[in-house]
Amino acid sequence: MAITIEQFKKLFPANKEADAWVSALNTVLPEYKITTPLRIAAFLAQCGHESMGFTAVKENLNYSAEALTKTWPSRFPSSIAPQYARQPEKIANRAYANRMGNGDEASGDGWQYRGRGVIQLTGKDNYKAFAKVINKPIEEIPQYLETKEGAVESACWFWSTHNLNAYADKKDITGATKVINGGTNGLADRQLLYKKALSIIS
């Protein structure tokens, strides 16, 4: 089942690159068995929420000092946060240091392997695992994730490795959200997008 440009525009009217996104979706989704109305609607809803309607494929780390302390209290206590505020590269390198396969803050891994794709792939371990599955060198992955096809394929890979088609088949948007988000952040918007997507593509 293919998605049409008209359907995509109805779902994401603010997106200015519908043609390119639809081409990428129709190329990649079948490879991951995201082919039924239930699966496609769930995928579009989740990815649409995560990427602000398929407009953001790179993590925005332009945090204020207050937001840093609120988001990562142990990594950016109020005594340190002002030194990092509004400096995305520095923020990424500290926020993601020494975890997810990344090196220390000085390594630059946090910035190199920051969130990319329509379900943001984050951390060197995830980049490595994705690179292996699609048979590309890890050095090419950051750039690939910023292309339409790469942004979609990384989301499909995440979807597949976390068995999210099973949630989609059961119409379990709450369960899928918990897997993707680690909680229920943005659940109302995801559910609204899902209902809309289902009505458009069914």
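The values are calculated or read from the model by the stated rules, or taken from the named source; none is laboratory data. Small disclaimer: the values here were computed from a predicted structure and weren't measured. Cβ atoms come from the backbone with ideal geometry, glycine included; neighbour counts cover every protein chain shown. For the accessible areas, the whole protein counts, side chains as well, though only heavy atoms, and no ligand, DNA or RNA atoms are used. Shrake-Rupley method; radii C 1.70, N 1.55, O 1.52, S 1.80 Å.
Summary of computed values
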| quantity | calculated |
| --- | --- |
| Among the candidates GLU31, GLU50, residue that is open to solvent by 40 Å² or more (accessible area, probe 1.4 Å), within 29 Å of LYS170 (Cβ to Cβ) and in contact with a Cys (Cβ under 8 Å, 6 or more places away or on another chain) | GLU31 |
| THR55 touching a Phe, Trp or Tyr at 6+ places or on another chain (Cβ under 7 Å) and either open to solvent by 60 Å² or more (accessible area, probe 1.4 Å) or over 29 Å from ASN165 (Cβ atoms) (or both) | no |
| GLY183 vs. criteria over 24 Å from SER23 (Cα atoms), free of Cβ contacts under 8 Å to residues at least 12 places away in the same chain and either of a type outside the set (A, V, I, L, M, F, W, C) or not in a loop (DSSP other than H, G, I, E, B) (or both) | yes |
| Meets criteria (small (Gly, Ala, Ser) and surrounded by 15 or more Cβ atoms within 10 Å (Cβ to Cβ)) for SER23 | yes |
| Which numbered condition CYS47 misses (of (1) among the hydrophobic types (A, V, I, L, M, F, W, C); (2) free of Cβ contacts under 8 Å to residues at least 24 places away in the same chain; (3) outside any loop (DSSP other than H, G, I, E, B)) | (2) |
| Evaluation of ALA97 against (1) of a type in the set (A, V, I, L, M); (2) touching an Asp or Glu at 6+ places or on another chain (Cβ under 7 Å); (3) over 23 Å from TYR167 (Cα atoms); (4) open to solvent by 20 Å² or more (accessible area, probe 1.4 Å) (one fails), failing number | (4) |
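Residue by residue, here is whether (1) more than 18 Å from the chain's Cα centre (by Cα); (2) open to solvent by 30 Å² or more (accessible area, probe 1.4 Å); (3) modelled with pLDDT of 95 or more holds:
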{"site": "LEU68", "(1), (2), (3)": "yes, no, yes"}
{"site": "ASN102", "(1), (2), (3)": "yes, no, yes"}
{"site": "LYS132", "(1), (2), (3)": "yes, yes, yes"}
{"site": "GLU139", "(1), (2), (3)": "yes, yes, yes"}
{"site": "GLU146", "(1), (2), (3)": "no, yes, yes"}
